[in-house]
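Each reported figure results from applying straightforward, stated rules to the coordinates on display, with no laboratory input. Here the structure is a predicted model, which means the values were calculated and not measured. So basically every Cβ, Gly included, is an ideal-geometry build from the backbone, and we count neighbours across all protein chains shown.
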Amino acid sequence: MKKFVTSALAATLVAGSVLATPVMAAGTQNIPLLVYRTGPYAANGIAIFAGMIDYFKLVNNRDGGINGVKIKYTECETGYKTDRGVECYDRTKDEYGSIYSPVSTGITYAIIDKATHDKIPVFSMGYGRTSAADGRVFPYIFNFPSTYWSQATAIIRYIAKDLGGMDKLKGKNFAFIYLDHPYGKEPIPFLDIMAKKFGFTYDKYPVPTTSMTEQKSIWLQIRRTKPDYAIMWGWGAMNPTAIKEAASIHFPMDHFIGNWWSGSEVDVKAAGMLAKGYKSAAMHGTGKNYPVYTDLKKYVYDTKQADNLASAGDVLYNRGLVNSAYVVEAIRTAMKKFGNKPMTGEQIRWGMENLDVTAARIKELGMTGLTPPVKVSCANHEGNNPGIFVQQWDGTKWHMIGDFIPAMSDIVRPIVEQEAAKYAKEKGITPRSCS
Amino acid sequence: MDMLYNILIAPFLEIAKSPSFFAEVVIGGLMSGVMYSLVALGFVLIFKASGVFNFAQGVMVLFAALNFSGLLDAGLSIWLAFPLTVLIMVLLAWCIERLVLSKLVNQQDIILFMATIGIGYFLQGFGEFLWTGNVRKLDVGIPQDAWFFGDIMIQQSDVFAAVVAGILVIVLALFFQYTRIGRALRAVADDHQAAMTVGIPLRSIWLIVWSVAGFVALVAGIMWGSRVGVQFSLSVIALKALPVLILGGFTSVPGAIIGGLIIGVGEKVAEIYWGPLFGGAIEEWFAYILAMLFLFFRPQGLFGERIIERV
């Protein structure tokens, strides 16, 4: 009996001490990463996933996780192939299915239905299906801080600014060079609308995914048609090839503008000085001149845990950092409502829809200048601040030029809602109420 | 009716309207064809000597370029990095012969083909393991500017590649035609066992031919890597060599060159004058259509050996 009482007392004391531990929560926040470190898009994937992973490590090492819940991630190699992406989704969703960031429009499209059914949010940050910005029809898909259509309108607005006003677009001709893939085709419907509205014309030049390194015929045509501006929606080896070809036909590089997936170091390194003057849209800052890098150095790089130190400070690495920061902030937001424990997909979705990353919060994260504030809502999954920065390559590094260019949301949003309604009708979805 | 006009008449009118642009398209096509031929050559060499379609050839181009650019980045001069990379490719050939091919003598061609798929996957991973997956700039002094002759523009890098490919083909053709090793290579290609019975050392021949293919891969890797940087997408360029091989024949070195030139010109002319009718990007499949048309008349390819099977 004495032995029993002693044991019971000891157990109570141990239990009490565990309960008294202030922040350490049970379990881990499992997050899947559909990476591509092999194949033709490896150079892009390596940088962006290194950024994502290093931020998770920073949160774990510096803060002990998100409110005490450590992040545990798993990688599944997709090679940027949609079928393998879907397979990776199926393989990881049971144990790790909390939130997906596939960094592939093809994979995003392919898992929209599955993820919605499984109640797992997909965060396609600046890519994926544009109409998913209507959260009433796509409750689990998020594409803030800006969609492809918003980006396209902001690029056109930037060109107009360069020309001296929106009215100067009339009669102008652009070349649109794009990857012949769902990603590359995404802005075409909207470019058609804008061409009609503003009176410009544009020629389409698709680049097959298997011929990314051979674009001679495209650039011969561009040399002949002499467009006023060239706009590129490229990815992988398509970008450096296009930039080199443009330089070799003496196309004015400051009239060649890529989207934000055509504006990383990977794209311009091969051309080097030949690419001087080339511009691209950007959704965040470049380089390492942000306080968060001091912490990364202390808690990740100096402890030899960097995923790929060579990429640190690169455009795509910073995109990975920002992607993970948004994910962590969404989980933190969800924890405020549901408690400090590992969040489910459904709970993270709530966190995403109530995400409000203010300028003050960005400062706390050490990311002032790296990423602009964003506020997401139930109806608007694109966020309240769509638009672009413009960066220019000086031959050795990227520089931000000019101010933030807001998207033409007054044009984009009605069409987003129209397309989302069409999708809802096709799929028999009843849009939820967000009021 | 409009469709027929757009296909049969309009493109020719356009050509007649701007002959200088047409000349530029043809020259551009020829230059692209040379680049395809450089990759196709590696396939031909191995097929000639072993009857095996080397699926790993594209990855060998990547692997050679990765080693070369990696050594340059490590601070070596071009004159040291180039022979060292050749040595690495010879070593690779030796490993392939020792670890893979020697175990598969007299096996069916499909078995050897499957083995090359495995070699390709291994090399891709091993290359990344050695040199990481980062894009590397490759600058070996190939001129990047263009010459202008009136309205016609010619890329200096393309002319450089054409000269290199020309020299390479002449050397290889002479090697195969007039040297003892070259004759031995052809004998091995005809029949492994028969070649062995007359005293031709099969393993040495395979080592030599894979080494030469490795050398060709290095040259192709430098040319392509200088254009787009050394990155993993280089392995995809092997796909551009397939229609060249179908057209030129799998066993002919000159066939790889002529096939490359025909495909290069054909696809560029088709893309520019007929492409817009089909929404663009037709050169991807047009190359195969062109190769198939040739096959109707010469099933063995333009320069391939005629296969005569007696019952």
Exercise. Listed here are the pairs A:172/A:276; A:196/B:268; A:72/A:119; A:244/B:48; A:170/A:375; A:70/A:304; which of them are more than 26 Å apart at the Cα?
Worked result: A:196/B:268; A:244/B:48; A:170/A:375
Problem set entry | Other protein chain Cβ atoms within 10 Å, averaged over every residue that makes up A:36-47 | 5
For this session: Give me the angle, in degrees from 0 to 90, between the Cα long axis of helix B:238-248 and the longest principal axis of the Cα atoms of chain B, rounded to the nearest 10.
Result: 80
Problem set entry | Alpha carbon Rg of segment B:167-296, scaled by the compact-globule rule 2.2 N^0.38 Å | 1.28
Exercise. Taking the Cα atoms of segment B:1-43, what is the range of coordinates along each of the three principal axes, in descending order and whole Å?
Worked result: 46, 24, 7
Exercise. Which of the peptides A:345-355, A:138-148, B:112-122 is most tightly packed, and how do the rest follow, judged by the mean count of other Cβ atoms within 10 Å per residue?
Worked result: A:138-148, A:345-355, B:112-122
Exercise. Roughly how large, in nm² to one decimal, is the mean projection of the convex hull of the alpha-carbon atoms in segment B:218-262?
Worked result: 3.3
Exercise. In straight Cα distance, which aspartates and glutamates are under 17 Å from residue A:204, not counting same-chain residues fewer than 8 positions off?
Worked result: A:180, A:186, A:192, A:214, A:228, A:245, B:271, B:283, B:284
Seminar exercise, completed: Within the protein assembly as shown, cysteines having no neighbouring cysteine beta carbon under 4.7 Å are B:95
Problem set entry | Three semi-axes of the equivalent ellipsoid, chain A, Cα gyration tensor, whole Å, largest first | 41, 24, 19
For this session: Count the DSSP beta bridges whose two residues both fall in the protein assembly as shown, then state the antiparallel fraction as a percent rounded to the nearest 5.
Result: 40
Exercise. Which residues make up the longest stretch of chain B clear of trypsin sites (Lys or Arg not before Pro) that lie in a DSSP loop with no more than 15 other Cβ atoms within 10 Å, not counting the sites?
Worked result: B:1-305
For this session: Arrange the peptides A:46-57, B:148-159, A:376-387 so that the one whose residues have, on average, the most other Cβ atoms within 10 Å appears first.
Result: A:46-57, A:376-387, B:148-159
Seminar exercise, completed: Dividing the helical contributions, -39500 (n - 2.57) per DSSP H run of n ≥ 4, by the residues of chain A yields a 222 nm value, nearest 500 deg cm²/dmol, of -13500 deg cm²/dmol
Problem set entry | Listed peptides A:331-338, B:189-196 by packing density, highest first (mean Cβ within 10 Å) | A:331-338, B:189-196
For this session: Quick one: net charge around residue A:67, please, counting Lys, Arg +1 and Asp, Glu -1 for every other residue with C-beta under 14 Å from its C-beta.
Result: +4
For this session: Quick one: grab Rg to one decimal and Dmax as a whole number for segment B:23-235, Cα atoms only, in Å.
Result: 18.1, 61
Seminar exercise, completed: hull vol. (C-alpha, convex hull) per residue for segment A:82-210, Å³ -> 106
Exercise. Given H placed 1.01 Å from N in the peptide plane, which residues other than close sequence neighbours of residue A:200 have an amide H under 5 Å from its amide H?
Worked result: A:171
For this session: Note the angle between two axes, namely the Cα long axis of helix A:105-118 and the longest principal axis of the Cα atoms of chain A, as a number of degrees from 0 to 90, rounded to the nearest 10.
Result: 40
Exercise. When N counts the residues of segment A:350-420, how does its alpha-carbon radius of gyration compare numerically with 2.2 N^0.38 Å, as a ratio?
Worked result: 1.35
Problem set entry | Per-residue average of Cβ from other chains inside 10 Å of A:261-274 | 3
Problem set entry | Reference-scaled alpha-carbon Rg (2.2 N^0.38 Å with N residues) for segment A:240-386 | 1.25
Problem set entry | Rounded if a/c under 1.5, otherwise prolate or oblate - segment A:124-270, Cα gyration tensor axes | oblate
Problem set entry | Where Rh is the Kirkwood radius over Cα pairs, Rg/Rh for segment A:221-271 | 0.94
For this session: Count neighbours as other Cβ atoms within 10 Å of each site's Cβ, and list the trypsin sites (Lys or Arg not before Pro) in segment A:107-199 that are DSSP loop with at most 12 such neighbours.
Result: A:170
Exercise. Over all residues in B:26-35, what is the mean tally of Cβ atoms on other chains that come within 10 Å of each residue's Cβ?
Worked result: 2
Exercise. Which whole-Hz couplings ³J(HN,Hα) result when phi for each residue of segment A:238-244 is put into the Karplus expression 6.51 cos²θ - 1.76 cosθ + 1.60, θ = phi - 60°, listed in order with x for Gly and Pro?
Worked result: 4, 5, x, 5, 4, 5, 5
Problem set entry | For the protein assembly as shown, the Rg and Dmax computed from alpha carbons only, in angstrom | 28.6, 109
